[in-house]
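As structure tokens, the structure follows; a few thoughts come after it.
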Amino acid sequence: MSEELKKPYNPTEHEESIYRKWEESGFFNPDVCVEKGVTDKNADYFSIVLPPPNVTGTLHMGSAFMLAIEDVIVRFNRMWGKKTLWIPGTDHAAIATQSKVEKLIQKEGGKNRHDLGREEFLKRVEKFAKENHDIIIHQMKKMGCSLDWSREAFTLDEKRNLAVKTVFKKMYDDGIIYRGHRIVNWDPKGQTTISDDEIVYQEQKTKFYYLQYGPFVIGTTRPETKFGDKYVVMHPDDKRYASYKDGQKIDLEWINGPITATIIKDESIDMEFGTGVMTITPWHSVVDFEIAERHNLDKEQIIDKYGRLLPVAGEFSEMKIVEAREKIIEKLKKKSLVLKEEDYTNNVATAERTGGFIEPQIMNQWFIDVNKEFTYIFDTLPNIKKGEKVTLKKLMLSVVENKNVNIIPDRFEKEYTHWIENLRDWCISRQIWYGHRIPVWYRSTNTHNRSNEEIYCGIEAPKEIDPDSVKTTAGEWVQDGDTLDTWFSSGLWTFSTLGWPEKTEDLKNYHPTTVLETGYDILFFWVARMILMSTYTIGQIPFTYVYLHGMVRDNQGRKISKSLGNNIDPLEMLAKYSADGVRMALLVGTGPGGDSKISEEKLKAYKHFANKIWNASRFVLENVGNMSRFNLDILVEKDKEILKEFKDFTSDITADMENYRFHLAAEKIYHYFWHTFADIIIEDCKKTLRQTQDKEVESAKQLLYYLLTEQLKLLHPFMPFITEKIWSMLPDSKGLLMVEKWPTN
RNA sequence: GGGCGGUUAGCUCAGUUGGUAGAGCGCGUCAUUGACGUUGACGAUGUCAGAGGUUCGAAUCCUCUACCGCCCACCA
């Protein structure tokens, strides 16, 4: 028996060298598995992409949870005999990364990005991204992830950039991407637009003012936007205002003097709310914008992109919003136009990354039109025919409704559908520097009139110009300064990582991917967008299954956050409780969609389990001698019974594994190993083994050895390190456990 | 306002297609120098949130109620 096995199990001593052995074997790469004959060359393909971690920081317990589940899936499929590919990568995370670095340079030298300039700043961001990338990769290896590193990708590398530009151009040519003056979420702090999903609503206590507006009383929380309000809107059925007609003009005294207002009747008005009358500010409110569009009304900008009032505000011009609000109310009070003020709590929109208060603005931006009809050119989707008129929305709904894409747990299918139905055009341009540059160039034919502008969209810059030219004189092509929303490139991830737009073997073999495993919090951000991009661009679903996991919480069920101080560093936990222990603790008892509550007690429990496995293995190997192969035919009757039960147990575990019930499989194998194998079978065998040579002793040895080796296989996806280590110490050991065949009956 | 979950042992949670409840930690008693004290044996603890219904039978299916949580949304 191996000398190592006589000592207590020391994970830190073994984990690194085991991982190195796996890497050196090349078996993380399915091509190598086929080449070396461990995987049949006609085997089915299994593929999964790693949700690329943001290079904004290092991994947290949530990432560890994700990695644990995915590595279980991958190792199971590899042992099951499939050509199994797990593609690694990281995400540049545009705004998130840029704003981190901006904070850093502010802290270091009190500078902002404009002090450095675009090129210099980007170098700084890339350095930051590289540092985090390296730490992240290290962490993933520590977790034992069997990722094919030879295929690693980055959302902002050259190949992915080509994919992005190619999709952009295709969408542009199809009229799905358009540029237009639409209302967008403007973050005055980050000086960029953001998408609806990047908004975080915060409750804020404010005042609700009732203002006299001619013959009407209007309610508002934002008097500072009211300067340009010259439309007063009410419901057409509101009897209180029946005497006023749509389009009627009225003169009234307002903030900076007399104005003429126009009455508009619109059904979107809630008669129950406030006085049932409101004035509108189309430039700075989505609802108001839509009313204005319906009635073809004028729109006027009141607030600039730094959050200051424009000259339309008269004496309040140049003031910041908060300051102006008070002063305006003071003035209105003096004019006796404030009738009442109430305390009010409303949800204010803030930017997720910068914390800035979102100010809706009408801006000229790039959008993806989700409702635009186009002719579908692929005949590869089961429920959408070639030549059929579709919209992106329809594509996204269809593949989930028809179960081409299956979400686990399926309750999220309802949430998905609901979300898509309410989806609006996706604003994809960002006024930041870190990201994929929009592949569009402009040339004004007349320097004095920017409306005479030529637009060129292409993978490469238009030929007539020197691409390095930064001159902006008339007649020169100038590239759009904006970059793309980070989710644009993430949306392509399943096929861009496989080499698209090149027609690669990988793309042919591994797409659609088999399963996507990710957190339910990014179902809309990411999963929906991958479905959009993949069905539109290549006519394929991106994946057949979506397995959603929950959030990792502390033992009180709270979110892990820095401010609560309940942050757990995965590397620290791995060092303390072993990778195998951490993986098990995260997995047991947390089903799909469920939140994993993690505590040191739980981690401790599964470290103990690793110890139990080690010691039980030692007992078995000490007693069986130099076993070279099984002969289960010699088992005595009672051992045959145990063997039969074990086979049933194996089938049960296999069924759980195939049906994404890893939490059950993990718990069952744990329970069987400890409380059936160790507590009952081994204990009984102890008595048997004390006998002298006879049938029963030989039977017990065969049984013990067989059960141990088979259980190592069942345990391997969950606890890869310790099982691989013990496997290497078996008397008839050959090859790596990671590519052993999964037990079947 | 709309949608989706949850409510099971002291705590954290499982319970796949309905068959009179399980795990870990914790607790109690005992055992053991022989794989392991990161141990073993035995044990206590639950009207499975409440009410009604379907069924031979419900934690599990249906309806309602209560409380907790999450997500979405343009109530000025």
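Computed quantities for the displayed model
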quantity: Dipole of chain A, positive direction: furthest Cα of A:161, A:354, A:390, with charges on the beta-carbon; calculated: A:354
quantity: Solvent-accessible surface (1.4 angstrom probe) belonging to residue A:283, in square angstrom, nearest 10; calculated: 50
quantity: Backbone N under 15 Å from the residue A:406 label point (7 Å along Cα→Cβ), restricted to segment A:531-546; calculated: A:543-546
quantity: Linear extension gain, residue A:745 paired with residue A:379, 0.36 nm per residue minus alpha-carbon span; calculated: 127.7 nm
quantity: Within straight-line cross-link reach of residue A:245, aspartates and glutamates at Cα separation under 13 Å, skipping those fewer than 8 residues along the same chain; calculated: A:237, A:266
quantity: Estimated inter-spin distance, residue A:424 and residue A:601, nm [label 7 Å along Cα→Cβ]; calculated: 4.8
quantity: Potential extension, residue A:340-residue A:645 segment - 0.36 nm per residue separation minus Cα distance; calculated: 102.0 nm
quantity: Cα-centred dipole magnitude for chain A, charges only on beta-carbon of K, R (+1) and D, E (-1), debye, nearest 20; calculated: 600
quantity: Inter-label distance, nm, simple model (7 Å from Cα along the C-beta direction), residue A:245/residue A:169; calculated: 5.7
quantity: Nonlocal amide H pairs with residue A:599, under 5 Å, H built at 1.01 Å; calculated: none
quantity: Estimated FRET transfer efficiency (residue A:4, residue A:158; beta-carbon r; R0 45 Å; 0.05); calculated: 0.50
quantity: Ordering of A:225-238, A:528-541 by packing [mean C-beta count within 10 Å, highest first]; calculated: A:528-541, A:225-238
quantity: Per residue accessible area in Å² of segment A:575-697, where ligands, DNA and RNA are left out and the probe is 1.4 Å; calculated: 47
quantity: Förster radius 51 Å - calculated FRET efficiency between residue A:296 and residue A:729 (Cβ-Cβ, nearest 0.05); calculated: 0.05
quantity: Inter-centroid distance (Cα atoms) of segment A:609-626 relative to segment A:182-240, Å; calculated: 71
quantity: Accessible-area value, residue A:633, 1.4 Å probe, nucleic acids and ligands omitted, Å²; calculated: 130
quantity: Sites residue A:270 and residue A:112 - FRET efficiency at Förster radius 30 Å, r taken between beta-carbons, to 0.05; calculated: 0.10
quantity: 5 angstrom amide H check on residue A:192, placed H, neighbours 5+ away; calculated: A:187
quantity: Whole-number accessible area per residue in Å² for segment A:1-138, which is evaluated in the context of all protein chains at 1.4 Å; calculated: 43
quantity: HN-Hα J in Hz across segment A:267-272 - Karplus 6.51, -1.76, 1.60, θ = phi - 60°, x for Gly and Pro; calculated: 6, 6, 6, 8, 5, 7
quantity: Shape category assigned to segment A:149-209 from the gyration tensor of Cα positions, a/c cut at 1.5; calculated: oblate
quantity: Set of segment A:339-375 residues, backbone N closer than 12 Å to the point 7 Å along the Cα-Cβ line of residue A:207; calculated: A:339-344
quantity: Viscosity 0.692 mPa s, temperature 37 °C, Stokes-Einstein D of chain A from Kirkwood C-alpha radius, µm²/s; calculated: 110
quantity: Cβ crowding within 10 Å averaged over residues, with A:416-425, A:163-172 ranked highest first; calculated: A:163-172, A:416-425
quantity: Residues of type lysines that residue A:386 reaches as a straight line, Cα spacing below 23 Å, ignoring anything fewer than 8 places off in the same chain; calculated: A:169, A:170, A:372, A:394, A:403, A:503, A:508
quantity: Unsatisfied cross-links (Cα-Cα over 31 Å) in the set A:305/A:333; A:205/A:331; A:41/A:127; A:127/A:165; calculated: A:41/A:127
quantity: Amide N proximity, segment A:482-497 versus residue A:544 label position 7 Å along Cα-to-Cβ, cut-off under 11 Å; calculated: none
quantity: Cβ-placed point charges (K, R +1; D, E -1), dipole of segment A:11-137 about Cα centre in debye, nearest 20; calculated: 320
quantity: Pair residue A:694, residue A:221: separation of 7 Å Cα→Cβ label points (nm); calculated: 8.5
quantity: Shape call, segment A:226-290: gyration tensor on alpha carbons, a/c limit 1.5; calculated: oblate
quantity: Anisotropy class of segment A:572-668 from Cα gyration tensor, a/c 1.5 cut; calculated: oblate
quantity: Extended-chain gain in nm, criterion 0.36 nm per residue less alpha-carbon gap, residue A:364 and residue A:571; calculated: 70.0 nm
quantity: Pairs beyond 26 Å (Cα-Cα), from A:576/A:725; A:576/A:686; A:142/A:741; A:82/A:389; calculated: A:576/A:686; A:82/A:389
quantity: Carbon/sulfur fraction of accessible area - chain A, other protein chains in place, 1.4 Å, %; calculated: 48
quantity: For residue A:111, residues with placed amide H under 5 Å, excluding near neighbours; calculated: A:106
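The values are calculated or read from the model by the stated rules, or taken from the named source; none is laboratory data. These numbers were taken from a predicted model, which means no experiment stands behind them. For neighbour counting, all protein chains shown are included, and Cβ atoms are generated from backbone atoms with ideal geometry for every residue, glycine included. Side chains are part of the model used for accessible areas, which takes the heavy atoms of the whole protein and leaves out ligands, DNA and RNA. Shrake-Rupley method; radii C 1.70, N 1.55, O 1.52, S 1.80 Å.
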